[in-house]
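A.B. asks: A single structure is presented below for examination.
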Amino acid sequence: MRRNWWHAYALAGLVSVIVATAAFVSYRNAAFERRELGRATHAATSVSKGLRPMDNVVAAYLVSPAVPSEHYEFLRERSVTEADGSHRRLGGKNAGPFDKRIYDAANQYDKSGPFVQLVTDTDYVIAAQPASGGVAVAITTPPKGPEAFPWLVVLGLLVMGSLVCAAGTLVGGSARPLGLALGASGLAVPTFLWSGLVIALFLVACSMLIAWADWRGSLERAGRELRKGGIAYAFLTPTAMAMLVLVGIPFVVGLGLGFYNNNHGEWTFVGLDNFIQILSGDGRSLSDPLNFWFTLGVTVAWTAVNVVLHVSIGVALALVLRQRWLKGRHGFRMLLILPWAIPNYITALIWKGMFQFEYGAINSVLSTVGLDKVNWFSEWSTSFASNVATNTWLGFPFMMVVALGALENIPSDMYEAAEVDGASPWQRFHHITIPHLMPAMLPALALGAIWTFNMFNVIYLVSDGRPGGGTDILVTEAYRWAFERGERYGLAAAYATIIFLILILWTIIGSRLAKKDAE
Amino acid sequence: MPRVLTLLFVFLLGCRADADPDSVLLWHAYSGAEQDALRESVARIEREQGIKVRLVSVPYEAFADKLTAAIPNGNGPDLFVFAHDRIGHWTANHLIEPLEYYVDDSIANRYAFEAISAMSYEGSLYGLPLAVKSVALFYRTDILKEPPSETNQLFAMNELYTHAWDGYPLVYENTNLYPHALWLHGFGGSLFDKDGQRTSLATPEAVAALTFARKLDRDKVVPGGVDARMVATLFNEGKAAMAISGPWFQNDINDDVPWAVATLPMVSDTGLAAKPFLGVEGILMSSRAKNKDRAFAVLDALTSDDDAVFRAIAAKQIVPNQAAYETSEISKNPALMAFRKQLDSTVPMSASPLMRSVWTPYQNALLKVIDQGDDVADALRSAESEMKSYAEGQQ
């Protein structure tokens, strides 16, 4: 049994009204702006001709040229001619409420000629026109609000549309979708007048799509589905909205920024230039730390070395902590988790202090035992090693905790059975422990790799890229382009996009491998 | 359902950050004594003028980024305290308001000419100065009777300590351009061409200055790899007889340390005075300030002569107000007068947007030469090309 025709029509009508309203509002604002800009310009021109300005003008003056101060080249005064022909200095103790705006407008005129514009945060419009003996400035407000929403037109078209739609349903067959599409498209006519052909065609296309969906019965199915899971969708909505605002929008904006170049706040579209500049290495040799491929190599090496160390140290410690003969193993476990519990930037700063050349703890120990002090951050290898040491300290507890959890779940009778069958400790480790650890360690490994790949704090705080940016990884490089090298936000966004793509690739490969392993 | 909606509404109301639209919002990066003094000044202005002022402390490292992000969206401060050297950059981004509508000669005359001029850029005035900052020479009077008058004396001072582990004659952040610039100027160099439009980093003077800085490090006159915190620690522990730092350093010195301030020594090789950068810290107005007349009233009162005298004593700031140095409280303070004297041989930091691209490459050159032992001229040349590549797409 088909549902009532007016359900589908209500949906199609709603979409049409939304599109038409958007079209109307944009048309209305543009028309309003044109009208008001014209009025302000007209008022300024009247003043320049010595005429009395018309109504709704809040201030209109003939402003004198700027008179520079005798002692300071960056100070200057201006005055205006009052209605009675007297002159008054702008500003000072007896300043009028619009003095500042008039003064600024005259300055802007001196810089870039006649102009008219809406004033941000207010409903004033300000215009400046040339005049003999200075510049004419007028500030106006709109006499009446913008055009009202044409309720009658919209309502009338909706009612007419519903008749067409109902008629189509009565005839039946393929006349039903035709009537629905035609009826809901009525609003395309005023939309065409307001915003042109493209938006009107979009509205028609929406109506046709809904009519087609109704004809195929998809609308009905979707309605049933929604009613069935109604409460679940209602609960999901707030989270979905939050995700959209906090993650979705910044993500899309970030992707978009990569195609622009920022020049002192002015954005210009540069297409793929940023990506080309990054991926081509920008004409630098492969051994130059500013070359993308060098940084990528460092990042990959950094991730690999760290993850290997984290996993091997974490698993080794977990194996030791599992032994029942170990006294106070709960205490040790607590202690070993501590590095993870301390905020990582504090740990990073402590390690940075320990690597300090003159008075750092490590060099102090070295010189006490009679060795030379090492200038840790002056060579790539030692600087990289300092970062790795810090991050290993930060990273192994997580792997240890995961491994401990997995080890707890291995049934002890398997070991007993293996022992009875004469398996050596190595065979037991290889055939029982490792296969049981794998399912827990693989996701942890994938996650650990992503964390390490983007471990901004350690790199930035410990080596800070020294020597000469050589130990920078991709995220710190992106940061430097944005905030330390002339605010090249576009380039930094392109870097971020590339990092994202690499991590997506890694995730896909990782999950494939895990799947294969599970088979 | 109505209850949920009410809760949501209350929550949204609570989210409105700026509860009082009539107050003037002032951002600053001050801490310690300077912050206390600012608080007190603001309390006095609120009492006297009946204007509410909200002080927000923003960490220095994040200050500029937060401003650039917040002001265009209308969420920024009405006024903020910052050094003059970013004015060129901010005018290009239309972040700050020109003040010549408010300021006439009688206000401008309050300050030393260099100080108010530093707050101007391309024919407009963008702020009023609060404090001038340059480094000078701090020395411990228990270790050193007389500060050196020229740089050659520094190398003879190693005998102050029996071996290098005990301490160094001098400490300063030798891989930071800000203090290093005093040698650059002392060797007759400059970061910019004569017309101030383009940078030139790899000049013979710059090479001489950097070679000299390396010699200080190699001859163990200064320790390597120190940051600002360590400068204070070494000086306080007596492991450095002298420190090069600014007025803010006075607050970092422990009470039991006998110290004095002197002007920086002459560079023996050139006979020129070592001239540090002059930074002028001022109050600037956002181009999106809510009520500009009211914001300026606060700005004016905070930079007045009375307030300057108060700040000079309470926060040990070197104030630019000329009248302040005629009061007996300040003219009797030797440290303030020494900094005042150092002011006469300083080089104002450039306010050009180019200046911003100089710091990181120059820092890298300093690190390369002093830490890694690279060739001086090579390091400066690569800093020059590094800077050019940063500025690409910015021109």
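A.B. asks: Probe 1.4 Å, all protein chains in place: accessible area of A:Trp6 in Å², nearest 10?
C.D. replies: 120 Å²
A.B. asks: Which percent of the accessible area of chain A is formed by carbon and sulfur heavy atoms (probe 1.4 angstrom)? Could you put the intermediate results ahead of the total?
C.D. replies: Numbers: 19360 of 28360 Å².
Solvent-exposed carbon and sulfur of chain A make up 68 percent of the total.
A.B. asks: By per-residue mean of other Cβ atoms within 10 Å, what is the highest-first order of A:69-78, B:308-317, A:221-230?
C.D. replies: Most protected by this proxy first, the peptides run B:308-317, A:69-78, A:221-230.
A.B. asks: A follow-up question, please. Kindly express, to the nearest 10 degrees and within the range 0 to 90, the angle between helix A:151-171's C-alpha long axis and the longest C-alpha principal axis of chain A.
C.D. replies: Approximately 70 degrees, to the nearest 10.
A.B. asks: Further, regarding this structure: Give the residue from A:Ile434, A:Ile410, A:Val458 lying farthest towards the positive end of the charge dipole for the range A:368-460; charges sit on Cβ (+1 for Lys and Arg, -1 for Asp and Glu) and the dipole is referred to the Cα centre.
C.D. replies: It is A:Val458.
A.B. asks: How many Cβ atoms of partner chains, on average, are near each residue of B:93-101 if near means within 10 Å of its Cβ?
C.D. replies: Across the residues of B:93-101, the mean count of other-chain Cβ atoms within 10 Å is 5.
A.B. asks: Still on this model: For helix A:434-453, report the angle its Cα long axis makes with the longest principal axis of the Cα atoms of chain A; keep it between 0 and 90° and round to the nearest 10°.
C.D. replies: In chain A, helix A:434-453 runs at an angle near 40 degrees to the longest axis.
A.B. asks: Separate question: With a 1.4 Å probe, what is the total accessible area buried between chains A and B, in Å² rounded to the nearest 100? Intermediate values should be presented prior to the final figure.
C.D. replies: Details: alone 30390 and 18560 Å², together 44910 Å².
So the total buried area for this chain pair works out to about 4000 Å².
A.B. asks: If you don't mind, another one. Compute accessible area for the range B:333-378 by itself and then with all protein chains, 1.4 Å probe, and report residues whose area falls by 50 Å² or more.
C.D. replies: B:Arg356, B:Asp371, B:Gln372
A.B. asks: I need the calculated FRET efficiency for the pair A:Trp267 and A:Val420, taking r as the beta carbon distance and R₀ as 60 Å, to the nearest 0.05.
C.D. replies: The computed FRET efficiency comes out at 0.25.
A.B. asks: Quick one: Cα centre-to-centre distance for the range A:454-519 and the range A:272-341, in angstrom?
C.D. replies: 13 Å
A.B. asks: Tell me which of A:Thr140, A:Trp151, A:Gln108 sits at the most positive position along the dipole axis of the protein assembly as shown, charges placed on C-beta atoms (Lys, Arg +1; Asp, Glu -1).
C.D. replies: Working it through, the farthest residue towards the positive pole turns out to be A:Trp151.
A.B. asks: To continue, here is another question. Compute the angle between helix B:60-70 and the longest alpha-carbon principal axis of chain B, please, reported from 0 to 90 degrees and rounded to the nearest 10.
C.D. replies: Around 40 degrees separate the two axes.
A.B. asks: Okay, next question. Shielding of B:116-129 by partners, i.e. mean partner chain Cβ atoms within 10 Å per residue? Walk me through the numbers on the way to the answer.
C.D. replies: Values: counts 4, 3, 0, 1, 4, 1, 1, 6, 5, 5, 1, 0, 0, 0.
Mean shielding count: 2.
A.B. asks: Quick one: which residues, 5 or more positions from A:Tyr260 or on another chain, have an amide H under 5 Å from its amide H? H modelled 1.01 Å from N in the peptide plane, none for Pro or chain starts.
C.D. replies: A:Val270
A.B. asks: Here is the link list: A:Lys49/A:Lys93; A:Lys93/B:Lys133; B:Lys239/B:Lys316; B:Lys215/B:Lys239. Which ones come out longer than 23 Å on Cα distance?
C.D. replies: A:Lys49/A:Lys93; A:Lys93/B:Lys133; B:Lys239/B:Lys316
A.B. asks: Can you give the translational diffusion coefficient of chain B in µm²/s, computed by Stokes-Einstein from the Kirkwood radius over Cα pairs at 4 °C and 1.567 mPa s?
C.D. replies: Taking Rh from Cα pairs, D becomes 57 µm²/s.
A.B. asks: Leaving out ligands and nucleic acids, note down the accessible area per residue over chain A with a 1.4 angstrom probe, in whole Å². Display every interim value, and only then the final one.
C.D. replies: On the way: 28360 Å² over 519 residues.
Heavy-atom SASA per residue in chain A reads 55 Å².
A.B. asks: Quick one: 3J(HN,Hα) in Hz for the range A:248-255, Karplus 6.51/-1.76/1.60 with θ = phi - 60°, rounded, Gly and Pro as x.
C.D. replies: Each residue's phi maps through the Karplus curve to give x, 5, x, 5, 5, 4, x, 4 Hz.
A.B. asks: Using 19 Å as the Cα-Cα cut-off, could you pick out the over-long pairs in A:Lys111/B:Lys388; B:Lys52/B:Lys292; A:Lys144/B:Lys290; B:Lys145/B:Lys275?
C.D. replies: Cα-Cα > 19 Å for A:Lys111/B:Lys388; A:Lys144/B:Lys290; B:Lys145/B:Lys275; rest within.
A.B. asks: Step through the residues of the range A:352-358 one at a time and calculate ³J(HN,Hα) from phi using the Karplus curve (6.51 cos²θ - 1.76 cosθ + 1.60, θ = phi - 60°), rounding each to whole Hz and writing x for Gly and Pro.
C.D. replies: Working through the residues one at a time gives 4, x, 5, 8, 4, 5, 7 Hz.
A.B. asks: Can you list the residues of the range A:466-514 that have at least 30 square angstrom less accessible area with all protein chains present than in their chain by itself, probe 1.4 Å?
C.D. replies: A:Arg466, A:Gly468, A:Phe483, A:Glu484, A:Arg485, A:Gly486, A:Glu487, A:Arg488
A.B. asks: For B:Lys220, go through the aspartates and glutamates and keep the ones whose alpha-carbon is under 12 Å away, minus same-chain ones fewer than eight residues off.
C.D. replies: Hits, sequence-local ones excluded: A:Glu358, B:Glu159, B:Asp166.
A.B. asks: A further question follows. Report, in whole Å, the centroid distance computed from the Cα atoms of the range B:55-115 and the range B:267-310.
C.D. replies: 10 Å
A.B. asks: Quick one: compute the contact order of the range A:1-156, relative version, from alpha carbon pairs under 8 angstrom and 6+ residues apart, as a percent.
C.D. replies: Details: 210 pairs, mean separation 43.7, N = 156.
Once normalised by length, the contact order is 28 percent.
A.B. asks: Additional query: Rank-order B:261-271, A:125-135 by packing density, defined as the average count of other C-beta atoms within 10 Å over each peptide's residues, highest first.
C.D. replies: Descending mean neighbour count gives A:125-135, B:261-271.
A.B. asks: A follow-up question, please. If amide H atoms are built 1.01 Å from N in the plane of the peptide, which residues on other chains or at least 5 residues away come under 5 Å of the amide H of A:Gly91?
C.D. replies: Amide H to amide H, under 5 Å and 5 or more residues apart or across chains, A:Gly91 pairs with A:Gly96.
The values are calculated or read from the model by the stated rules, or taken from the named source; none is laboratory data. Just so you know, these numbers come straight off a predicted model, no measurement behind them. FYI the Cβ positions are ideal-geometry reconstructions off the backbone, even for glycines, and counts take in every protein chain you see. Quick note on the areas: whole protein, heavy atoms, side chains included, nothing else; ligands and nucleic acids left out. Shrake-Rupley method; radii C 1.70, N 1.55, O 1.52, S 1.80 Å.
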